[in-house]
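Single-structure report; data block below.
The values are calculated or read from the model by the stated rules, or taken from the named source; none is laboratory data. Note that the structure is a prediction, hence the values are computed from the model and not measured. Backbone-built Cβ (ideal geometry, glycine too); neighbour counts: all protein chains shown.
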Amino acid sequence: MKIVKIFLLIIFCCSNVLVNAQQSRVTTPGIIVGKVILSEDGLPVQQATIQLLNARDSSVVVSTASDKEGTFKLDQVKQGDYILKVSFISFETFFYNIQAGSFIGKEIVIPDIELQELSIMLSDAVVVGKMPDVIVKEDTLEYNPASYRLQGNAVVEDLLKRLPGVEVDMNGQITVGGKEIKRVMVDGEDFFGNDPTMTTKNLGIEIIDKLQIIDKKSDLEELTGIDDGDREVVINITIKKDKKKGWINNIEAGAGNLVRDVSRDNIRYVSKTMFNKFSGDNKYSFIVNANNNAERREGITSSNSFGLNLINVFSKKYKMTGSIAFNTEDNFVQNNSFRQNILADSISYRNSQSESQSNNHSISVNYRMEYKPSSSTTLLFTPRIAYTNSLSNDTSYTATMAGDVNRTEVNNSSRKGSNNSDNIRLSGRLILSQRFSKKGRKATLSLQGNYNNNDRLGRNISASNFLKRPDRNKLLNQESVTIARSIGYTVNASYVEPVLYSSFLQLAYTLRNNESENLKNTFDYDPLTQDFTSLNKDYSKSLQNDFVNQTYSFSFRSSKPKYNYSIGFNIEPSLIKSKSYIENGITQGIDSILHDPGGRNIINYVPTTDVVYRFGKQNNIRFTYRGKTAQPSITQLDPTENITNPLNIRSGNPDLLPSFSNDFSFQLNSFNREKQKSLKATLNYSFIMNEIINKTEYEANTGVQQTFPVNQNGIWNTSASLLYSTPIDKAKILQFSTNTDISYHNQIGYLSLKKDNEMMNVAKTFNLRENVSISYRKLWLFIQMRAIVRYSSTINSIEEKKNLEDVNYRAILNTQVSLPSDWIVLSGIQYSGQTGLSSGYNKKETLWDIEISKKILKTKQATLHFKWTDILQQKLSIRRRVTSNYIEDSQSNVLTGYFLLTFSYRFNSMGGRRSNN
């Protein structure tokens, strides 16, 4: 028995040792090492994403990034079956299987990982090459950010400045095809509401997969399928899949000074913080900014901003987005302008100098809630609140000269003024959409309301001198109180009924009502009381306007695999009621009414057409026609004179009719995936009936101009544009793109020195703008050359008038070089000039900016940047404006060359890991 016990004890001990040994074998961690190189030339790949995936469910176990030598190491890896995933922008993703048997507590060395450039799948073959720079779709331009080789601290605005077909001015305003971008979306959701610069100036490009320019339908059109004419061009940014979970944060701060005048007063600074927390479809972003290096087109600006944006997808039934933004801005502008007034039998000139200081504070709150209690019901609610306080002080001097050889001065005016205003805007929209059991049947109800209130206190001290009529001289010292209010609502009901296969009958009714008033009291300064107490009725005019509009819409829509079309007809009856009066005048009752014509009933008939034909997956043509009515404004209907500016007296016209524009558009989109060629061509034509234009009459002795609106036929415009992008060489290292815009405008104006000498001038203006770029890119080098030329010619029908020609040209060279030891050098040179402007405005400039950056710290998460703008100190701001009545050239002050040294720190935590960018 003893022997048995001893034997069992030995077995137990041995078993325990074996178990412990097995556990030790299982739990002993391993080390995985490897190197990532390019298959083309064997160069190491830095910052490739290395992920170890669980073979069972593909979940991320651990991840890192390759260093500057291309090597990587994964520590403390437990035994198991894994998949090693290696990815890098513009290259094919690499996978490598690791078996559990490889883990015996030793180092696992992965053979050199050779990355291949991305492959584009065709029907019969695989062609190795780079992803296309631009893809043209039916209503979308899609850009590949990786093609433009921007450095790690670049933001969306830096990318936009390199994209063909996109223009970003010095104010950060974005235009595509002449249309301003007022909204940026992220993964299809609103991002900071209607403030696109909050996104474009802060969101880093390292997380962006694609940038899309979309001709977006309104919420109501997306739910109903009925075109409500409320489309807008927006930017949509898609986030990389591997960047949708974790933190992406950036902190940046720096300081510098003006190069020309280094002093404490000219210190330039920038401070920027952005935190992003992404969790799948849920996104949270926080932004704080402060700087005084805003390179605006006009003036010197300092600004501060704070923003918070939330995107929450709680379930398939409920999601919400919201944002709050607070902005402050101080702007100082000095401006000189020269205007040539075109008269029937002579010419007059005007010289102006002005200076203004403005301070603006604003806060806005945007919210969007989408609730789907069932698969057939959608409820959408979008309220908005905005408040703005503006304070400005300005001084100006203006002189008018006759058109004789000596340019004899006729009048002059000096002014000093200030304004303080508070504006609050409230709006909201509620949409309920219901789909029925019969496929295609749908009913939608929409309710929208808005309220706007603007209180303004202004002061004006001015002296107007008429050199030939000194009896008309006028001195003003006034304070005005203005309260402008408007409230309105819109109700829309629509019904869609399927009538044939893939065809639908659409019926809709819309009721719009808007009531607005503008109350103004102006008081003269009283020396006795030393206050503004005496009401001046000549400068106190209040306006009230009521507008009611109904739209009955009938349309037929058909959708087929190769084409879809929609034809419709709208009937729009409207009622306009307006009056002008003096509020709190000495004489009350009917004597205080200046003008009250009663109500006016108008009916407009508006046809619509939209046809899309597809030939192939990536090619289509589109034709649209839309009629659009524009009602005259409340001030355009009021015949009483506004003499606030004695040199420019304005009045309205109670007999004005609404204008009606006929807009035709033809569009061709084509994309060849095999050759990576993108083409987008558009042709537009518009003629306007009863267009509202301004007629101006000049007094020869005083130079005073009186302006009032009239209806005019015969005005039309046509334009065409072409965007084309293609690689030049087989390796697709060289990329060519061109963006051509052509327009022709037929404008009409009336020019006279007195009423019995009126003459009509037809100004035919031709504009041609060509933007050509060639880019060369390798992994360490990016070069982009751009040439932009704008030619403008205006021919006047009056023979005595001088025809005009002017040319504006720019040549741009952008270079980015990635050097060893994490150095990056960027250089941007722009040479520009213009001819054909007024004397003193034909100037040339060469702008040269340079930026040098170096990654520091062991983790390379920090970067030092040195930036020097306008090295040659030649920056200018010159503009020209041409109408049928005048040509004006102007020049403003701008922020000249400065240097800036900044420190930035980026923290990236994706998929439970930490890494630098």
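Quick check on the range 601-656: of everything there that is touching a Ser or Thr at 6+ places or on another chain (Cβ under 6 Å) and of a type in the set (S, T, N, Q), which residue is modelled with the lowest pLDDT?
THR640
Give the residue that is nearest to the chain's Cα centre (by Cα), with candidates limited to residues of the range 207-222 that are more than 25 Å from VAL611 (Cα to Cα) and outside any helix (DSSP H, G or I).
The qualifying residue nearest to the chain's Cα centre (by Cα) is LEU211.
How about the range 721-747: which of its residues are surrounded by 17 or more Cβ atoms within 10 Å (Cβ to Cβ) and either part of a loop (DSSP other than H, G, I, E, B) or charged (D, E, K, R) (or both)?
Hits for the range 721-747 are LYS732, ASP741.
Please note which strands (runs of 3 or more DSSP E) are completely contained in the range 67-114 and include at least 2 residues that are modelled with pLDDT of 85 or more.
71-77, 82-87
Since ILE239 meets every condition but one in (1) of a type in the set (A, V, I, L, M, F, W, C); (2) in contact with a Lys or Arg (Cβ under 6 Å, 6 or more places away or on another chain); (3) modelled with pLDDT of 85 or more, which condition does it not meet?
(2)
Just to verify a result, which residue in the range 396-408, among those that are surrounded by 15 or more Cβ atoms within 10 Å (Cβ to Cβ) and at pLDDT 90 or above, is farthest from the chain's Cα centre (by Cα)?
Per the criteria, the residue is ALA399.
Condition check: β-branched (Val, Ile, Thr) and surrounded by 18 or more Cβ atoms within 10 Å (Cβ to Cβ). Does ILE347 satisfy that? Walk me through how you get there before you give the answer.
Numbers: β-branched (Val, Ile, Thr): yes; surrounded by 18 or more Cβ atoms within 10 Å (Cβ to Cβ): yes.
It is true that ILE347 is β-branched (Val, Ile, Thr) and surrounded by 18 or more Cβ atoms within 10 Å (Cβ to Cβ).
Note down all Cβ pairs under 8 Å where the first residue falls in the range 42-65 and is over 17 Å from THR93 (Cβ atoms), the second is of a type in the set (Lys, Arg) and surrounded by 18 or more Cβ atoms within 10 Å (Cβ to Cβ), and they're at least six residues apart or on different chains.
PRO44/LYS35
Take the range 651-683 and flag every residue that is aliphatic (A, V, I, L, M) and in a strand (DSSP E or B). Give the derivation first.
If we filter the range 651-683 for residues that are aliphatic (A, V, I, L, M), which is where we start, we get 656-657, 668, 679, 681, 683.
Hits for the range 651-683 are LEU668, LEU679, ALA681, LEU683.
For residues that are within 25 Å of THR398 (Cα to Cα), part of a strand (DSSP E or B) and among the charged types (D, E, K, R), tally how many sit in the range 622-650.
Residues flagged as within 25 Å of THR398 (Cα to Cα), part of a strand (DSSP E or B) and among the charged types (D, E, K, R) within the range 622-650 amount to 1.
Could you list all residues from the range 607-627 that are among the basic types (Lys, Arg) and surrounded by fewer than 16 Cβ atoms within 10 Å (Cβ to Cβ)? So that I can check it myself, show each step before the final result.
Filtering the range 607-627 down to residues among the basic types (Lys, Arg) leaves 614, 617, 622, 626.
The answer is LYS617, and nothing else.
If you take the residues of the range 676-711 that are closer than 19 Å to THR624 by Cβ and of a type in the set (Phe, Trp, Tyr), which of them is farthest from the chain's Cα centre (by Cα)?
It comes out as PHE687.
Is one or more of the residues making up the range 815-828 of a type outside the set (S, T, N, Q) and more than 28 Å from ILE251 (Cβ to Cβ)?
To start, the set of residues in the range 815-828 that are of a type outside the set (S, T, N, Q) comprises 817, 819-820, 822-826, 828.
Within this subset, residues satisfying the condition of being more than 28 Å from ILE251 (Cβ to Cβ) are none.
Taking every residue of the range 815-828 in turn, none turns out to be of a type outside the set (S, T, N, Q) and more than 28 Å from ILE251 (Cβ to Cβ).
Would a scan of the range 596-606 turn up a residue that is closer than 30 Å to ASN460 by Cα, crowded, with 18+ Cβ neighbours inside 10 Å and β-branched (Val, Ile, Thr)?
Step one: filter the range 596-606 for residues closer than 30 Å to ASN460 by Cα, giving 596.
Next, from what is left, pick out any that are crowded, with 18+ Cβ neighbours inside 10 Å: none.
So far as the range 596-606 goes, no, none of its residues is closer than 30 Å to ASN460 by Cα, crowded, with 18+ Cβ neighbours inside 10 Å and β-branched (Val, Ile, Thr).
Residues are listed down the side, and each one gets a yes or a no for (1) assigned to a strand (DSSP E or B); (2) in the same structural domain as GLY70 (by TED's automatic domain parsing); (3) among the charged types (D, E, K, R):
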{"site": "GLU805", "(1), (2), (3)": "yes, no, yes"}
{"site": "ASN808", "(1), (2), (3)": "yes, no, no"}
{"site": "LEU813", "(1), (2), (3)": "yes, no, no"}
{"site": "SER818", "(1), (2), (3)": "yes, no, no"}
{"site": "SER821", "(1), (2), (3)": "no, no, no"}
{"site": "ILE824", "(1), (2), (3)": "yes, no, no"}
{"site": "SER827", "(1), (2), (3)": "yes, no, no"}
{"site": "SER832", "(1), (2), (3)": "yes, no, no"}
{"site": "SER838", "(1), (2), (3)": "no, no, no"}
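Quick test of your reading of the structure: ASN360 fulfils all but one of (1) touching a residue at least 12 places away in the same chain (Cβ under 8 Å); (2) over 30 Å from SER890 (Cβ atoms). Name the failing condition by number.
(2)
Return yes when SER686 is without any contact (Cβ under 8 Å) to a residue 60 or more places away in the chain, among the hydroxyl-bearing types (Ser, Thr, Tyr) and in a strand (DSSP E or B) and no when it is not.
On the way: without any contact (Cβ under 8 Å) to a residue 60 or more places away in the chain: yes; among the hydroxyl-bearing types (Ser, Thr, Tyr): yes; in a strand (DSSP E or B): yes.
Judged against the criteria, SER686 is a match.
Considering only residues that are among the hydrophobic types (A, V, I, L, M, F, W, C) and under 30 Å from GLU699 (Cα atoms), which ones fall in the range 384-437? First the steps, then the outcome.
Restricting attention to the range 384-437, the residues satisfying the condition of being among the hydrophobic types (A, V, I, L, M, F, W, C) are 385-386, 391, 399, 401-402, 405, 410, 424, 426, 430-432, 436.
Within the range 384-437, ALA399, MET401, ALA402, VAL405, VAL410 meet the criteria.
For ASP663, indicate whether it is buried (at least 18 other Cβ atoms within 10 Å of the Cβ) and in contact (Cβ under 8 Å) with a residue 12 or more places away in the chain. I'd like the intermediate steps shown before the answer.
Values: buried (at least 18 other Cβ atoms within 10 Å of the Cβ): no; in contact (Cβ under 8 Å) with a residue 12 or more places away in the chain: yes.
Considered against the rule, which asks whether it is buried (at least 18 other Cβ atoms within 10 Å of the Cβ) and in contact (Cβ under 8 Å) with a residue 12 or more places away in the chain, ASP663 comes out as no.
Looking only at residues that are part of a strand (DSSP E or B) and aliphatic (A, V, I, L, M) in the range 885-905, which one is nearest to the chain's Cα centre (by Cα)?
As a first pass, look at the range 885-905 and keep what is part of a strand (DSSP E or B): 886-892, 894, 898-905.
Filter once more, so that each one left must be aliphatic (A, V, I, L, M): 887, 894, 900-901.
Details: ILE887: 28, VAL894: 22, LEU900: 27, LEU901: 28 Å.
Across the range 885-905, the extreme among qualifying residues is VAL894.
Among the residues in the range 294-307, are any among the hydrophobic types (A, V, I, L, M, F, W, C) and at pLDDT 90 or above?
Yes, because at least one residue in the range 294-307 is among the hydrophobic types (A, V, I, L, M, F, W, C) and at pLDDT 90 or above.
Here is a list: SER853, SER793, SER832. Which entry is among the hydroxyl-bearing types (Ser, Thr, Tyr), over 27 Å from SER892 (Cβ atoms) and touching a residue at least 12 places away in the same chain (Cβ under 8 Å)? First the steps, then the outcome.
Details: SER793 fails: over 27 Å from SER892 (Cβ atoms); SER832 fails: over 27 Å from SER892 (Cβ atoms).
Result of the check over SER853, SER793, SER832: SER853.
Give the residues of the range 787-807 that are at pLDDT below 90, surrounded by 16 or more Cβ atoms within 10 Å (Cβ to Cβ) and of a type outside the set (A, V, I, L, M, F, W, C), sorted by residue number.
THR794, ASN796, LYS801, ASP806
Can you list the strands (runs of 3 or more DSSP E) found entirely within the range 223-330 that contain at least 1 residues being within 30 Å of SER354 (Cβ to Cβ), more than 24 Å from the chain's Cα centre (by Cα) and touching a residue at least 24 places away in the same chain (Cβ under 8 Å)?
Values: elements: 232-239, 245-258, 267-279, 282-294, 300-313.
Per the criteria, 245-258, 267-279.
With the checklist (1) within 34 Å of the chain's Cα centre (by Cα); (2) of a type outside the set (A, V, I, L, M); (3) part of a strand (DSSP E or B) in hand, flag the one item ASN601 doesn't pass.
The one condition ASN601 does not meet is (1).
Part of a strand (DSSP E or B), surrounded by fewer than 17 Cβ atoms within 10 Å (Cβ to Cβ) and either among the basic types (Lys, Arg) or at pLDDT 90 or above (or both): is that true of LEU476 in this structure?
Values: part of a strand (DSSP E or B): yes; surrounded by fewer than 17 Cβ atoms within 10 Å (Cβ to Cβ): no; either among the basic types (Lys, Arg) or at pLDDT 90 or above (or both): yes.
Spelling it out, it is not the case that LEU476 is part of a strand (DSSP E or B), surrounded by fewer than 17 Cβ atoms within 10 Å (Cβ to Cβ) and either among the basic types (Lys, Arg) or at pLDDT 90 or above (or both).
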